[in-house]
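Structure first, commentary second.
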Amino acid sequence: MKVAIVHDWLVSYAGSEKVLEALLCIYPDADLFSTVDFLEKGKRDFILDKPVQTTFIQKLPFSKKKYRQYLPLMPLAIEQLDVSEYDVVISSSHAVAKGVITGPDQLHISYIHSPIRYAWDLQHQYLKESNLNKGLKGMVAKSILHYMRMWDYRTSNSVDHFLANSSFIGNRIKKVYQRSSKVIYPPVDVSAFALKKQKENFYLTASRMVPYKKMDLIVQAFAGMPDKQLFVIGDGPDMEKIKKSVTPNVTLLGYQSFEKLIDYMQRAKAFVFAAEEDFGITPVEAQACGTPVIAYGKGGALETVRGLDQEKATGIFFDRQDTDSIQKAVRTFEELCSIFEPEQTREHALQFSPENFKSQFEQYVVDEYKKFG
């Protein structure tokens, strides 16, 4: 098989890039395509220092920092990438990569991190948070998103098979594209997070401080529980807002090294997670340390954490994104904390290893290519 891999954009190393890294481990000879490539020298190891074929957006003014503002041009851009000489095209998509044009004699498998969130069910939230829900700018933004939805749905028909990073996203694929999908969970480097059985008397949360992560709610919840200690790792636009809610029992650590993050995760009595994520890597990392999770019971967390209704529970869910629900979940955890065993918590996390992802993905492609041929 001659393989092409198409990724939305290459500007950092985050969740979708970890999937791309695993794909390149499976297909080291694959050619790589993206709308833009602004990865710095010395930070290209995960793509094996490969050359990347990009689009005209790469050369547009201010595209290095403002590439997202060229979203209306990305459908046109991705369609200009020529992948006609490849037997198999794998797109890694949370925006436009799945829209690459393929022919009837090519197998196109698209790994969906999510359909374009801000164009579909999260449109109203996106417009409100961006102050684009009113006025002339709002009308322009809504028109662009309408166009993106039409293009996104139309191009879904050219994908032969969809893979979803969770059942939650599989349901979104069904809703948006009217297509079925197979779930292959994304790779989490669980081997980097060693088991620690002895826990200390504090809670931990860690994330980028942006609105949907709801870090402010976690801090406010613990502000109302002065007898419980919380450490907060992360930085971002919401930092100043969060600082206003800090009480003596809450410690903001800001950005910390990977080694420090692991250390706190290993020692924490529980990891608190309030976001509605498509998958959610940090709860899996915490469990790999043997640390149970207190999580919002919606989205990918329902698949990565075993709740109290399952055998060998690894965490507790709360049902609303508010301080009362978080506080209630913490109190329940304190009553039941003895049932959470570090060894079984880590064992649960191991199913999300890169090795499992690679073997499942490679076998799926082989099977579908045989059928296709």
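Residues are listed down the side, and each one gets a yes or a no for (1) touching a residue at least 24 places away in the same chain (Cβ under 8 Å); (2) buried (at least 19 other Cβ atoms within 10 Å of the Cβ):
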{"residue": "307", "(1), (2)": "no, no"}
{"residue": "321", "(1), (2)": "yes, no"}
{"residue": "338", "(1), (2)": "no, no"}
{"residue": "345", "(1), (2)": "yes, yes"}
{"residue": "358", "(1), (2)": "yes, no"}
{"residue": "365", "(1), (2)": "yes, yes"}
{"residue": "369", "(1), (2)": "yes, no"}
Within segment 263-304, the residues that are under 17 Å from residue 188 (Cα atoms) and free of Cβ contacts under 8 Å to residues at least 24 places away in the same chain are 293
Are any residues in segment 178-187 over 16 Å from the mean Cα position of the chain (by Cα) and either surrounded by fewer than 21 Cβ atoms within 10 Å (Cβ to Cβ) or among the aliphatic types (A, V, I, L, M) (or both), and if so, which ones?
178, 179, 180, 182
Name the single residue, out of those in segment 228-238 being in contact with a Ser or Thr (Cβ under 9 Å, 6 or more places away or on another chain) and part of a loop (DSSP other than H, G, I, E, B), that is surrounded by the most Cβ atoms within 10 Å (Cβ to Cβ).
234
Output the qualifying pairs, or none if there are none: Cβ atoms under 7 angstrom, residues six or more apart or on different chains, first residue in segment 93-105 and closer than 17 Å to residue 20 by Cβ, second residue among the charged types (D, E, K, R) and crowded, with 19+ Cβ neighbours inside 10 Å.
93/8; 94/8; 95/8; 96/8; 97/8
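Out of all the residues in segment 122-139, is one or more in contact with a strand residue (DSSP E or B) (Cβ under 8 Å, 6 or more places away or on another chain), within 28 Å of residue 166 (Cα to Cα) and not in a strand (DSSP E or B)?
Going residue by residue through segment 122-139, those that are in contact with a strand residue (DSSP E or B) (Cβ under 8 Å, 6 or more places away or on another chain) are none.
Scanning segment 122-139, I find no residue that is in contact with a strand residue (DSSP E or B) (Cβ under 8 Å, 6 or more places away or on another chain), within 28 Å of residue 166 (Cα to Cα) and not in a strand (DSSP E or B), so the answer is no.
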Residue 241 meets each of (1) more than 20 Å from the chain's Cα centre (by Cα); (2) at negative phi; (3) in a loop (DSSP other than H, G, I, E, B) with one exception, condition (3)
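Criterion first (modelled with pLDDT of 95 or more, in the same structural domain as residue 304 (by TED's automatic domain parsing), among the β-branched types (Val, Ile, Thr) and closer than 18 Å to residue 328 by Cβ) does residue 219 satisfy it? Lay out the reasoning, then the answer.
Details: modelled with pLDDT of 95 or more: yes; in the same structural domain as residue 304 (by TED's automatic domain parsing): yes; among the β-branched types (Val, Ile, Thr): yes; closer than 18 Å to residue 328 by Cβ: yes.
So residue 219 fits the description; yes.
Could you count how many residues in segment 53-69 are surrounded by 18 or more Cβ atoms within 10 Å (Cβ to Cβ) and either under 17 Å from residue 12 (Cβ atoms) or in contact with a Lys or Arg (Cβ under 7 Å, 6 or more places away or on another chain) (or both)?
Residues of segment 53-69 surrounded by 18 or more Cβ atoms within 10 Å (Cβ to Cβ): 54-55, 57-58, 63, 67.
Checking the rest, the ones that are also either under 17 Å from residue 12 (Cβ atoms) or in contact with a Lys or Arg (Cβ under 7 Å, 6 or more places away or on another chain) (or both) come to 54, 57-58, 63, 67.
Of the residues in that region, 5 qualify.
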Looking at 245, 257 in this structure, which one is surrounded by 16 or more Cβ atoms within 10 Å (Cβ to Cβ) and without any contact (Cβ under 8 Å) to a residue 40 or more places away in the chain?
245
Hits in segment 20-62 - residues which are modelled with pLDDT under 95 and hydroxyl-bearing (Ser, Thr, Tyr):
none
For residue 1, all conditions in the list (1) assigned to a loop (DSSP other than H, G, I, E, B); (2) crowded, with 16+ Cβ neighbours inside 10 Å; (3) of a type outside the set (Lys, Arg); (4) in contact with a strand residue (DSSP E or B) (Cβ under 8 Å, 6 or more places away or on another chain) hold save one; what is the number of the exception?
(2)
Looking at 333, 357, 317, which one is of a type in the set (A, V, I, L, M, F, W, C) and in the same structural domain as residue 166 (by TED's automatic domain parsing)?
357
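Tally up the residues in segment 4-60 that are of a type in the set (Ser, Thr, Tyr), in a loop (DSSP other than H, G, I, E, B) and touching a residue at least 60 places away in the same chain (Cβ under 8 Å), please. I'd like the intermediate steps shown before the answer.
The initial filter retains those residues of segment 4-60 that are of a type in the set (Ser, Thr, Tyr), namely 12-13, 16, 27, 34-35, 54-55.
Remaining after also requiring in a loop (DSSP other than H, G, I, E, B): 12-13, 27, 35, 54-55.
Within this subset, residues satisfying the condition of being touching a residue at least 60 places away in the same chain (Cβ under 8 Å) are 27, 35.
Qualifying residue count, segment 4-60: 2.
Okay, residues lined up against (1) in contact with a Leu (Cβ under 6 Å, 6 or more places away or on another chain); (2) under 28 Å from residue 287 (Cα atoms); (3) of a type in the set (A, V, I, L, M, F, W, C); (4) surrounded by 18 or more Cβ atoms within 10 Å (Cβ to Cβ):
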residue	(1), (2), (3), (4)
134	no, no, no, no
148	no, no, yes, yes
164	no, yes, yes, yes
174	no, no, no, no
189	no, yes, no, no
195	no, yes, yes, no
208	no, yes, no, no
222	yes, yes, yes, yes
226	no, yes, no, no
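The values are calculated or read from the model by the stated rules, or taken from the named source; none is laboratory data. This structure is a prediction, so every number in the text was calculated from the model and none was measured. For neighbour counting, all protein chains shown are included, and Cβ atoms are generated from backbone atoms with ideal geometry for every residue, glycine included.
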